[in-house]
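Submitted below is the structure of interest, expressed as structure tokens.
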Amino acid sequence: MIGHTQELKFESEATLLAARLYRPKVSDPAPVIVMAHGFSAVMEQLAPQAEALQAAGFAVLAFDHPCFGLSGGEPRGEVDPPRQLRAWRDAVSFVRTLDGLDGDRIGLWGSSFSGGHVIQAGALDPRVRCVVSQVPFVAGWDLIAGRDDADEFVALLVAERERRFAGGEPTMLSVTAKAPELPCAFPGSAADRFFDAEKFKSWANAVTLSSFEHVRGYEPELWSHRLAPRGLLVIVADDDRVTPVPPVLEAFGRAGEPKQLVRVPGDHFEVYEGPGFDRAMDAAIDWYREHLV
């Protein structure tokens, strides 16, 4: 049971966002999962997750956040959480206009940075029935404050804001780097495999420095207790060094029922391939079947 895909666009605050609709082979209106990529990724990278959900009988709308991938928006590579969250709510509005989908059975799926988005977006949107939050980012202040060079890095962010206020172009930072000594947002070979410019043609190896100022003020964990009665499935990687596990567990602890926690051995990128992917997607499919079917 696979179905077909359709390339679409929808508008969010006068910006056209690129989306891909995965339709399952079902006769009745299908429950639908809305998903988007993490910090500096693109929807192309989520095709395996979308196809697994499609094969299980769910429709999936995957989209590129503003300023990323095939979506419009300037400056390119700018991670702006409030803007992205509003795009999620517009994506929910959009799927409710599409034929063959059940607009009363909507779930959200997010991973890494968007794993935080779905917690807050789900809490704010009564049209959402349940959420799957995979290796989520939940605590921006602590993430930046935990850097060895936190004071110097914050000073750099302030200087960048003043430079851009004066009319300067955004400073760009590489997302990954082949050489370990080069600065980048996600060092390490696992990140380098996940962010593959040859494989994902719409992905650019660049994010604005100002994105980290936005990250510093973003705290999805503050919304977890507001999500119920919408169901929350949280999937964590035990050795995650990108989105630390302790604040995720704290956010999960504050969430109301129904909720479920699934732990996957390995690091942050383990859930994107191999046994970690299979375990995470099996749990997600079971969760959606429980709450949407």
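Looking only at the stretch 239-260, count every residue that is outside any loop (DSSP other than H, G, I, E, B) and touching a residue at least 12 places away in the same chain (Cβ under 8 Å) and tell me the total.
Residues in the stretch 239-260 being outside any loop (DSSP other than H, G, I, E, B) and touching a residue at least 12 places away in the same chain (Cβ under 8 Å): 9 in total.
Please find, within the stretch 215-265, the residue that is surrounded by the most Cβ atoms within 10 Å (Cβ to Cβ) out of those that are under 12 Å from residue 135 (Cα atoms) and either at pLDDT below 95 or charged (D, E, K, R) (or both).
243
The rows are residues; the columns are (1) at pLDDT below 95; (2) of a type in the set (Gly, Ala, Ser); (3) within 14 Å of the chain's Cα centre (by Cα); (4) part of a helix (DSSP H, G or I).
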position: 50; (1), (2), (3), (4): no, yes, yes, yes
position: 57; (1), (2), (3), (4): no, yes, no, no
position: 61; (1), (2), (3), (4): no, no, yes, no
position: 78; (1), (2), (3), (4): no, no, no, no
position: 115; (1), (2), (3), (4): no, yes, yes, yes
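In the set 46, 108, which member is under 20 Å from residue 175 (Cβ atoms), among the aliphatic types (A, V, I, L, M) and not in a loop (DSSP other than H, G, I, E, B)?
Step by step, each of 46, 108 is checked, and only 46 is under 20 Å from residue 175 (Cβ atoms), among the aliphatic types (A, V, I, L, M) and not in a loop (DSSP other than H, G, I, E, B).
Give the residue that is surrounded by the most Cβ atoms within 10 Å (Cβ to Cβ), with candidates limited to residues of the stretch 14-32 that are more than 25 Å from residue 78 (Cα to Cα) and among the hydrophobic types (A, V, I, L, M, F, W, C).
Looking at residues that are more than 25 Å from residue 78 (Cα to Cα) and among the hydrophobic types (A, V, I, L, M, F, W, C), I get 32.
Does the stretch 83-96 contain any residue that is part of a loop (DSSP other than H, G, I, E, B), without any contact (Cβ under 8 Å) to a residue 60 or more places away in the chain and either of a type in the set (A, V, I, L, M) or in contact with a Gly (Cβ under 7 Å, 6 or more places away or on another chain) (or both)?
Yes, that holds for at least one residue.
Same structure, new question: Return yes or no: is residue 27 more than 20 Å from residue 288 (Cβ to Cβ) and among the polar types (S, T, N, Q)?
no
Checking residue 187 against (1) modelled with pLDDT of 95 or more; (2) touching a Pro at 6+ places or on another chain (Cβ under 7 Å); (3) under 25 Å from residue 46 (Cα atoms): exactly one of these is not met. Which one?
The single condition residue 187 does not satisfy is (1).
Further, regarding this structure: Only residues that are surrounded by fewer than 24 Cβ atoms within 10 Å (Cβ to Cβ) and either over 19 Å from residue 53 (Cα atoms) or touching a residue at least 60 places away in the same chain (Cβ under 8 Å) (or both): list them for the stretch 101-119, please.
Hits for the stretch 101-119 are 101, 102, 103, 105.
The values are calculated or read from the model by the stated rules, or taken from the named source; none is laboratory data. Just so you know, these numbers come straight off a predicted model, no measurement behind them. Positions of Cβ are generated from backbone atoms using ideal geometry, with glycine treated the same way; all protein chains shown enter the neighbour counts.
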